[in-house]
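The values are calculated or read from the model by the stated rules, or taken from the named source; none is laboratory data. A quick note: this is a predicted structure, and the numbers were derived from the prediction, not measured. Positions of Cβ are generated from backbone atoms using ideal geometry, with glycine treated the same way; all protein chains shown enter the neighbour counts. The accessibility values were calculated without ligands, DNA or RNA, using every heavy atom of the protein model including side chains. Shrake-Rupley method; radii C 1.70, N 1.55, O 1.52, S 1.80 Å.
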Amino acid sequence: MARMSKRAFNNVVIFAMLGMIFLFNINSFLPSATAPASIPLLPKDGYVLKIEQGSHKLERVGQQWRWSGVRQTLASTPEQHIDVWRQATMDMAKPPRSVLQTEPLITVVWLAGATQGRVYAIVPAANKVWIQFDSDWYMLNQVTIEELLPWLGDSEEM
């Protein structure tokens with residue numbers, strides 16, 4: 001059996017340590033998972049109790065829904081409106097400067113079991129709907145501002 005010199009043994013130890021460092025940090029060498037293409041506006045298991053925007057409100061009262069602050073009959077039913085919120089998806093995007101300089105429509109959605117409402121800053125611009133949520137900006141997919149907040153045509157808020 002051949003004996004290794006002290007220098008050869010040191011080289012083996014060095015390469016073994018480099019191999020261990022590589023194994024412990026392998027996640028940093030692998031490509032990271034890409035962000036999901038679209039994320040839901042509301043959590044899939046979220047049970048909506050109330051949507052508030054300005055003086056307008058859509059809230060659950062027992063088994064029924066009730067509009068507050070709406071002066072005219074809306075084209076959609078409360079159930080259809082809630083479905084729009086549940087099915088809406090959004091993509092993370094960087095908004096143009098004009099969106100950042102526009103005063104947003106602050107909307108709060110209250111979900112069952114949550115201690116705080118989900119706050120959305122909504123900015124309609126150029127046939128797109130921009131949403132700021134948790135300090136990130138998103139662009140809403142295939143949903144118009146009229147579908148999201150149907151009472152806007154009813155007031156001076158927009």
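A few remarks follow.
- Sorting the segments 48-58, 131-141, 66-76 by their residues' average number of neighbouring beta-carbon atoms within 10 angstrom, most packed first, yields 48-58, 131-141, 66-76.
- Nearest-0.05 FRET efficiency for Leu18 and Asp136, computed from C-beta distance (R0 41 Å): 0.60
- Point-to-point label distance, Met92-Ile39, nm (Cα→Cβ direction, 7 Å offset): 0.7 nm
- Remark: the range 16-89 carries 71 Å² of accessible area per residue (probe radius 1.4 Å; ligands, DNA and RNA excluded).
- With every protein chain in place, the chain: carbon and sulfur % of accessible area (1.4 Å): 56 percent
- Cα lying deepest toward the dipole's positive end in the chain, options Tyr138, Leu18, Tyr47, charges on Cβ: Leu18
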